[in-house]
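Q: Let me begin by handing over the structure; questions about it come next.
The values are calculated or read from the model by the stated rules, or taken from the named source; none is laboratory data. Just so we're clear, the structure is a prediction, and the values are computed from it rather than from any experiment. Note that each Cβ is placed from the backbone with ideal geometry, even for glycine, and that neighbours are counted across all protein chains shown.
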Amino acid sequence: MDENEFDAFYNASYRRVCAQVYAMIGDFDEAAECVQEAFARAWAHRRKMSSVDYPEAWVRTTAYRLAVGRWRRKKYASRAADRAVGVKMEMPPVDETHVALVAALKQLPEAQRQAIVLHHIADLPVHQVATEVGAPTGTIKARLARGRATLAELLADERPGAVWKEA
Amino acid sequence: MSDPISRLDQFRADTPGAPMKSAAEVRQRGDQIRRRRRAVVVAGAAAVAAIVAGPIIFFSAGVGERALDPAPPPSETPSTTTPSPSGSAGPSTMTRADLPVAEDLIAPLEASWGETQTYDGEGGDAYNPCLTKTLGDSAADATFRRDFAIGPSLNAGVEDYGMMSAVVAEFRSPEAAEDVRADLSTAAASCTPLDASPAGSLPVAGGVVSRGDINVVTYVSNDPGANARPEIATAVVVAEDRVLVLTRQRGAKEQVSSDFLQTSLQTSAVNAAHRMVGVEPPAPPDEPASSPASSSASSSASSSAPAAILDDSHLVVAGSLPRLPLEGESSAVWQQIAPQSIPTLYCQGAWLSTLKAAESVSREFRLENPGEIGKVNVTVLEFTTKAAADGAYETVYDWLDTCPASMNDAKLFKAEPVESIEVDTSPAIDRAAQTLAEYAGDCGGQGCDATWYDHQTVAQLGTRLVLVTHAESGGPCPPTRACPPEDPSDYSEWDNRVAQTVEATVGRAVQDLS
């Protein structure tokens, strides 16, 4: 992958992957940071990326793992200042256009949420979702069915149109 | 009931706008990651290789004669230029911290180099009289310069041992940097502004250096008081997208060994190149790096073994470990400590001798400021068969997974699930796994919330296992940049330090298996 190929890949994929990771983790700032970092790692490993069949899937998976790892560590982080050696960066405010949908997705079990996002938002066929998460296709179909049913119930409970009015 | 599919379709069609850096900025960040990983992996092996990098044919006293330029064989000048695609564009990340410090430069006898001045840019006067073009003229994104003089401890002056100046510059790409290096090297060899005579040349290689050489010329001084034919030695080195020009000027005198002077400049140039890319220069061979390894946990390195496979060369040195930033600009430096009778891993369930390795070497490092704030423990194990190594890997993996911590008294707070990780080494390892454990820190009997955060790693390549702990103290917060950490970037420096430690230790341990 050379410079021009990477730039084209980044410009074409960044917003899409960002939205997908946002839907998976429910935190827009975190998603943006993790996707930027995942693209940087893709460039750092550009020789390896040349042999990757689906670079966008590689970036998405890397970003998701980064996000999950950071979330785990954040669990211990809500205590008073001690050994800070810098100041935190300011991020732009969160775009809350889809906050209700994402909030509903966050209530799904992680495996169902991941399947829903990859199939319905990343638009991957079921067999590719199965490959990306390392589960059989039958399992993915079951997760999709259960996830959609739960999501329908969650969304039915909200005030009609609230998603868009909150934007 | 609301239709979730239409809502999901709408989400996909109406992708939320995310703040987006330019592709150039992302590539620059990627180049930083790559440079750091590459530099750390090779740093440990640099010093010795650099010092003996090729035959040195040098005619210090042969004024007016043309020295042979021993073009070094390919194996001694690793990769002319890294065959990477064109590099990064964007704002320079170079700072004064990328300049060498006095300790990086080798001084003769009991003398030492002292820093005299540092400039942002290349200073007001010529830093090298052989070069008519500055690095700024060559479209460098940033340049910095630091001048040095021999310290007062030796009864000698500039005419004996000289002055040194170091200029570092960052360019848009590794290819642009290599082009500049080639031009500067040619100019340094001919030194036309002084009508100089070539006196010798030699390569600079090893560690982070992509390509480099030293050219030495002498010339007739116009100074009527000069008692020697002055000499200018110019080292020009490229490492990724950065160029170092290290210039030493002195009067050529017989009583100073030319071998020593040129070799010292060669080592100084390698050290300065490491500093230029943000890596601690490799420790000299006679420093703690080569002191005896800890006694083997599996003392079966035994009498019956035909010939030892493992030795000190498989153990990381302190200079290859990442610095730990402290408040302000300071940082703590790792110190190798005397061999310890301690477990390598906090989660270890038994002494490593139970793994029944054929050989074992280990080493420990500590960071103090002034209390203990960091620990690195490493053990390298060699097994007689792949199956034995596989079994030991599974045992260690199980320790990481369940964290029995039966070798420790400190209370376990939390152990993360063990995860597979990638470690960028050459040769590539078979597999590696890592977990993070948090446990109570020592407060000297006082109640406190001090906590150790231990990243414990096991890596395997064939019959060899590497066990590594990178531990940093914290409490109440983990050792993140901000406390409490709120932004993902607050974790990145900690992540990078752990990755650097793992890559340096594992890379060093398996380097002979290629």
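Q: Looking only at residues in the stretch A:1-16 that are within 22 Å of B:GLN10 (Cα to Cα) and at the interface with another protein chain (Cβ under 9 Å from one of its Cβ atoms), which one is surrounded by the most Cβ atoms within 10 Å (Cβ to Cβ)?
A: For the stretch A:1-16, the residue satisfying everything is A:TYR14.
Q: Restricting attention to the stretch B:192-221, which residues are part of a loop (DSSP other than H, G, I, E, B) and within 11 Å of B:VAL270 (Cβ to Cβ)?
A: Answer for the stretch B:192-221, where residues must be part of a loop (DSSP other than H, G, I, E, B) and within 11 Å of B:VAL270 (Cβ to Cβ): B:VAL204, B:ALA205, B:GLY206, B:GLY207, B:VAL208, B:VAL209.
Q: Sort out which residues of the stretch B:476-514 are over 25 Å from A:CYS34 (Cβ atoms) and at pLDDT 85 or above, and write them in order of number.
A: B:ALA504, B:THR505, B:VAL506, B:GLY507, B:ARG508, B:ALA509, B:VAL510, B:GLN511, B:ASP512, B:LEU513
Q: What pairs come up if the first residue lies in the stretch B:488-514 and is within 21 Å of B:ILE373 (Cβ to Cβ) and touching a residue at least 40 places away in the same chain (Cβ under 8 Å), the second is of a type outside the set (Ser, Thr, Tyr) and in a helix (DSSP H, G or I), and their beta carbons are under 7 Å apart, counting only those six or more places apart or on different chains?
A: Here the result reads B:ASN496/B:ARG36; B:GLN500/B:ARG36; B:GLN500/B:VAL40; B:ALA504/B:VAL40; B:ALA504/B:VAL41; B:ALA504/B:ALA43, each pair linking the stretch B:488-514 to a residue that is of a type outside the set (Ser, Thr, Tyr) and in a helix (DSSP H, G or I).
Q: A further question on this structure: Of all residues in the stretch B:452-493, count the ones that are part of a loop (DSSP other than H, G, I, E, B), of a type outside the set (S, T, N, Q) and within 13 Å of chain A (Cβ to nearest Cβ).
A: We begin by selecting, within the stretch B:452-493, every residue part of a loop (DSSP other than H, G, I, E, B); these are B:462-463, B:475-488.
Retained after the next criterion (residues that are of a type outside the set (S, T, N, Q)): B:462, B:475-479, B:481-488.
The next check asks that each one be within 13 Å of chain A (Cβ to nearest Cβ); those that pass are B:475-479, B:481-488.
Counting residues in the stretch B:452-493 that are part of a loop (DSSP other than H, G, I, E, B), of a type outside the set (S, T, N, Q) and within 13 Å of chain A (Cβ to nearest Cβ) gives 13.
Q: Give the residues of the stretch B:332-390 that are surrounded by 18 or more Cβ atoms within 10 Å (Cβ to Cβ) and free of Cβ contacts under 8 Å to residues at least 40 places away in the same chain, sorted by residue number.
A: Matches in the stretch B:332-390: B:ARG366 only.
Q: Hey, does the stretch A:108-117 have a residue that's modelled with pLDDT under 75 and acidic (Asp, Glu)? Talk me through it step by step, then tell me what you get.
A: Taking the stretch A:108-117 as the starting set, the residues that turn out to be modelled with pLDDT under 75 are none.
Among the residues of the stretch A:108-117, not one is modelled with pLDDT under 75 and acidic (Asp, Glu), which makes the answer no.
Q: Checking the conditions here, which among A:ALA32, A:ALA67, A:ALA38 is part of a helix (DSSP H, G or I), within 7 Å of chain B (Cβ to nearest Cβ) and either closer than 20 Å to B:ASP495 by Cβ or modelled with pLDDT under 75 (or both)? Walk me through it before giving the result.
A: Numbers: A:ALA67 fails: within 7 Å of chain B (Cβ to nearest Cβ); A:ALA38 fails: within 7 Å of chain B (Cβ to nearest Cβ).
After applying the criteria, what remains is A:ALA32.
Q: Does B:LEU400 qualify as being on the phi < 0 side of the Ramachandran plot and in contact with a Cys (Cβ under 6 Å, 6 or more places away or on another chain)? Step through it out loud before you land on a result.
A: Values: on the phi < 0 side of the Ramachandran plot: yes; in contact with a Cys (Cβ under 6 Å, 6 or more places away or on another chain): yes.
For B:LEU400, the condition - on the phi < 0 side of the Ramachandran plot and in contact with a Cys (Cβ under 6 Å, 6 or more places away or on another chain) - is met.
Q: Give the stretch A:1-29 a look and list any residue that's more than 17 Å from the chain's Cα centre (by Cα), outside any helix (DSSP H, G or I) and of a type in the set (Asp, Glu), or say none.
A: If the condition is that a residue be more than 17 Å from the chain's Cα centre (by Cα), outside any helix (DSSP H, G or I) and of a type in the set (Asp, Glu), then A:ASP2 is the only one that fits.
Q: Would you point out which residue out of B:ALA39, B:ALA45 is modelled with pLDDT under 65 and buried (at least 22 other Cβ atoms within 10 Å of the Cβ)? Let's see the steps before the verdict.
A: Details: B:ALA45 fails: buried (at least 22 other Cβ atoms within 10 Å of the Cβ).
Selected residue: B:ALA39, the only one of B:ALA39, B:ALA45 that is modelled with pLDDT under 65 and buried (at least 22 other Cβ atoms within 10 Å of the Cβ).
Q: Only residues in the stretch B:119-137 that are on the phi > 0 side of the Ramachandran plot count as the first member; pair them with residues that are part of a loop (DSSP other than H, G, I, E, B) and surrounded by fewer than 18 Cβ atoms within 10 Å (Cβ to Cβ), Cβ under 9 angstrom, at least 6 apart or cross-chain, and list the lot.
A: Partner pairs satisfying both residue conditions: B:GLY121/B:GLY136.
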